[in-house]
1. Tell me, please, whether a residue that is over 23 Å from Ala150 (Cα atoms) and aliphatic (A, V, I, L, M) can be found in segment 97-108.
2. Does Ser59 count as more than 13 Å from Glu101 (Cβ to Cβ), over 26 Å from the mean Cα position of the chain (by Cα) and hydroxyl-bearing (Ser, Thr, Tyr)?
3. Quick check on segment 176-197: of everything there that is touching a His at 6+ places or on another chain (Cβ under 6 Å) and not aliphatic (A, V, I, L, M), which residue is nearest to Asp158 (Cα to Cα)?
4. If you scan segment 279-335, which residues turn out to be outside any strand (DSSP E or B), touching a residue at least 24 places away in the same chain (Cβ under 8 Å) and acidic (Asp, Glu)?
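Any read-out appearing in this document is the output of simple, stated calculations on the displayed coordinates, not a laboratory observation. Quick caveat: nothing in here was measured; it's all calculated off a predicted structure. Positions of Cβ are backbone-derived with ideal geometry, glycine not excepted, and every protein chain shown enters the neighbour counts.
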Amino acid sequence: MSDWMVILIIALPLLGGIFLPRHGLLARIKNWRGLRQREQVEDALKYLLDAEQEGRHTSVPALTSALRLPPRRAAALVARMQAQGLVEPHEAALHLTAEGERWALHVVRAHRLWERYLADEARMPLPRVHGEAHRREHTLSVVELDALEAALGHPQFDPHGDPIPNRQGQLPSQERTPLTAWQPDRPAVIVHLEDEPAIAYQQILAVGLRLGQTVRILEAAPARYVLSDGENEYRLAPAVAANVFVAPLPGHQAVAAGALPLSMLAHNQRGEIVALDDAVQGFTRRRFLDLGLTPGTPVSPELLNFFGDPRGYRVRGTLIALRKEQAEKIWVKVQ
């Protein structure tokens, strides 16, 4: 056998691995490039949507800087988006078309549903949730997003308090005011924690503030803000406090002010469920509802655990076990 024949026999499998139409190296490179281009388009659409929702429009140089792309690649990206009918130029700004806005809202929906899943079910630390959701947001179809949303119990807000678009692209309304514009000594509930810049968000989490927490401003000085939730005090620099958004106490919170957590019911004491805490989201909220833990339902603790946790509760004729951390998020009034 000639040397050329030996080389050909050895090279054929290698060449096949490179040139296979669906699974070869070149096919994988092509698929990777296609996914990378899609990610760039979707990142650009999200940026443009954020700008338009804030009442401003974006120029090509601003988009180039935001996406950290070389000018030539950014220009090619914009040209590709125009060819797809996603954006249109107007004077010196880029505007989303109806199709561009629809696609952008799909990506936002995917991102915020992933954040909800990662925070509630995967128990991922909140500072890591945003980056991981960003990596996953480009992978799901509308049908897959519908399934994820249903499994999570159709949440309306992500773990930072941002509204989650529904399938039609509609956003739930939300009243919110920066803490720095809130009246001192007036109680409020935290409804949004801005996660950018990351360093400010980490400081907010480090002091112990969370969504759904009721607070009031004790001190608003040029150097610091001091908050209280009735038990603890929290100190923030004004620049960080501006990333905390609050709203008036909602109706169920006002009702819950005269109620108490289920975990505090005495043995054989009867209560009626008033509300599930806003902190109960995702699969946990859906499980609570499946167990019949809905407003108006009678409930009473019956079995004590020697170690105190979990504890048995009688609900709709059935005995269920709840951990203390779960029972603390179920508000009841004593009957």
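1. There is at least one residue in segment 97-108 that is over 23 Å from Ala150 (Cα atoms) and aliphatic (A, V, I, L, M).
2. Taking the combined requirement at face value, the residue satisfies it.
3. Asp195
4. Glu328
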